[in-house]
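The block underneath contains the structure these notes are about, expressed in structure tokens.
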Amino acid sequence: MKKEIITRLHKQFEDFVHTEDGMEYWLARELQGLLGYKEWRNFEIVVEKAMLACKNSGHKPTDHFVDVNKSIEGPKDAKREILDIKLTRYACYLIAQNGDSRKEEIAFAMNYFAVQTRKQELIEERISQWERLQAREKLTTSEKELSHLIYERGIDERGFGRIRSKGDEAFFGGVTTQGMKERLAVPSNRPLADFLPTISIKAKDFATEVTNTQIQQRDLSTEHQIAREHVQNNSDVRKILTDRNITPEILPAAEDTKKVERRLRSEQKELIE
């Protein structure tokens, strides 16, 4: 495809984008013309195929194809309502995939929306990684507070280790910290939490926060009291997860948070440069 055609089509597709509440969308009646379809009935068949593809990919079509009414001018200034559809970038991509690939407009649209959709996927992936790092940092803070509270009550570092280990065992359904490390292939010198998925990190952080609060509110002072409280909180949080078919000990390992952190810092540095 010639450069001037790409430039022209790119401008047209950008000119017809709409924005509502910060979200971009296209209107099907306008996309019809952009993709070179003269008849709505022919284009509507392509839209229906795209909606089916959306459903088959595990997405809700109603999240990407939203019916709207549109007023158009008729004879003698009369107005009539016609059906139109708000389309997300993903919806447009699926429509292009199901269109006539011999059309230059379709060939361009397939690549245009594929690139834009991929950009969104990359953004979502990066945000997910960033949120996991934030959760890991928060768990570290909660555990430091627990260690401080325990130290204030005359319990040493080994006592803290025992309390935390008992909490892990309760959270992972009887599997010890070492047992989980072996399951997830965690190096012996690294914390288990660095390899846990976000849901497990957040759950353990919540259980630890509850323990910290209870230590202070109930003035728990012995290792036995604190360990019992920590076990109960981890058991309770585990039940919330398992009631929703989330079993912490069988979730796969996530990427090492240290590697994720280094990669995000490297990307940030490249962006600044």
For this session: Please name all residue pairs, on different chains or six or more residues apart, with Cβ atoms under 7 Å, provided the first residue is in the stretch 229-250 and is of a type in the set (D, E, K, R) and the second residue is surrounded by fewer than 16 Cβ atoms within 10 Å (Cβ to Cβ) and at pLDDT 95 or above.
Result: Arg238/Gly173; Glu249/Gly173
For this session: Return a yes/no flag: does the stretch 257-268 have any residue that is in contact with a Leu (Cβ under 9 Å, 6 or more places away or on another chain), on the phi < 0 side of the Ramachandran plot, at pLDDT below 95 and crowded, with 16+ Cβ neighbours inside 10 Å.
Result: yes
Exercise. Given the structure, is Ala50 within 25 Å of Glu121 (Cβ to Cβ) and out of contact with any Leu (no Cβ under 8 Å at 6 or more places or on another chain)?
Worked result: no
For this session: With the checklist (1) closer than 16 Å to Ser235 by Cβ; (2) of a type in the set (A, V, I, L, M, F, W, C); (3) under 30 Å from the mean Cα position of the chain (by Cα) in hand, flag the one item Ile163 doesn't pass.
Result: (3)
Problem set entry | Filter result (touching a strand residue (DSSP E or B) at 6+ places or on another chain (Cβ under 8 Å), modelled with pLDDT under 95 and in a helix (DSSP H, G or I)) within the stretch 51-67 | Cys54, His64
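The values are calculated or read from the model by the stated rules, or taken from the named source; none is laboratory data. Since we're looking at a predicted model, the values are computed, not measured. Positions of Cβ are backbone-derived with ideal geometry, glycine not excepted, and every protein chain shown enters the neighbour counts.
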